Amino acid sequence: MTKINFLLVLVVCFFSCEEDLLPKPKAFLRLEYPEAKYEGSKFDLPFSFEINTLATKVKSQKVRGTTESYGVNLEYPTLKGTLFLTYKSIDNNENNLNDFLRDAQNFTQKHTIKADEIPVTPYENYKRKVYGAFAEVKGDVASPAQFYVTDSVKHFLTGSLYFYAKPNYDSILPAANYLQKDIKHIMETVKWK
């Protein structure tokens, strides 16, 4: 090898090493969900609400017990989650509204062991007589959102969101945010019969 070739290789190597190497940024999964489209529920229940058309599997059943109770499961297969709704009639003679409220609030508080934060947002619609609360449970918890609504006289509805996956808050956050909007829409559209 001649001296000129050697110098040329040395110059090329010298200038090629001048650029700083930067690590590649971490890739993030991009999840896009369709815009929510709602339609009225077609259940024979003491209440009605609007359902996202993305909820393809919907089950409703009457629950046996001392009060009139119903269970409704709104399944979201593409999001791998289910919103479990439970309706109970209020018996003013037994004053069971306080028991229902306490149970709903205690259920949310059971998540404090694993939760990072539990912001609770009250909900009131005097015109439709719907009062309640929405709780977003942040952290690696089994149920990232719960809610309850009532008319304080006859009707009490509670709901909990669950995913078919190990609770990893960062992984389920996009789907949880999408379904939390559905929960809020249910709260805003519920009508008592």
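With respect to (1) within 12 Å of the chain's Cα centre (by Cα); (2) touching a residue at least 60 places away in the same chain (Cβ under 8 Å); (3) under 20 Å from T86 (Cβ atoms), the lone exception for T150 is condition (1).
In this structure, S171 does not qualify as closer than 23 Å to A36 by Cα, part of a loop (DSSP other than H, G, I, E, B) and small (G, A, S). Across segment 98-122, the qualifying residues are those that are of a type in the set (V, I, T) and assigned to a helix (DSSP H, G or I), and the one among them that is surrounded by the fewest Cβ atoms within 10 Å (Cβ to Cβ) is I113. Scan segment 19-34 and give yes if some residue there is closer than 21 Å to I186 by Cα, at pLDDT 85 or above, touching a His at 6+ places or on another chain (Cβ under 8 Å) and not in a strand (DSSP E or B), otherwise no. Scanning segment 19-34, I find no residue that is closer than 21 Å to I186 by Cα, at pLDDT 85 or above, touching a His at 6+ places or on another chain (Cβ under 8 Å) and not in a strand (DSSP E or B), so the answer is no.
Screening V153 with (1) at pLDDT 95 or above; (2) more than 17 Å from H111 (Cβ to Cβ) gives one miss only, at (1). Per the listing F134, F100, the residue uniquely among the aromatic types (F, W, Y) and more than 16 Å from L161 (Cα to Cα) is F100.
In segment 104-118, the residues that are hydroxyl-bearing (S, T, Y) never reach a residue that is loosely packed, with under 14 Cβ neighbours inside 10 Å and modelled with pLDDT of 80 or more with C-beta atoms less than 6 angstrom apart, at least six apart or across chains.
Given the criteria part of a helix (DSSP H, G or I) and more than 19 Å from Q180 (Cα to Cα), does K88 qualify? For K88, the condition - part of a helix (DSSP H, G or I) and more than 19 Å from Q180 (Cα to Cα) - is not met.
The set of residues in segment 163-177 being surrounded by fewer than 19 Cβ atoms within 10 Å (Cβ to Cβ) and touching a residue at least 60 places away in the same chain (Cβ under 8 Å) consists of Y164, A165, P174. Every test in (1) on the phi > 0 side of the Ramachandran plot; (2) assigned to a strand (DSSP E or B); (3) not β-branched (V, I, T) is passed by N95 save one, and that test is (2).
The values are calculated or read from the model by the stated rules, or taken from the named source; none is laboratory data. These numbers come from a predicted model, not from an experiment. Glycine gets a Cβ as well: all are built from the backbone with ideal geometry, and neighbour counts include every protein chain shown.
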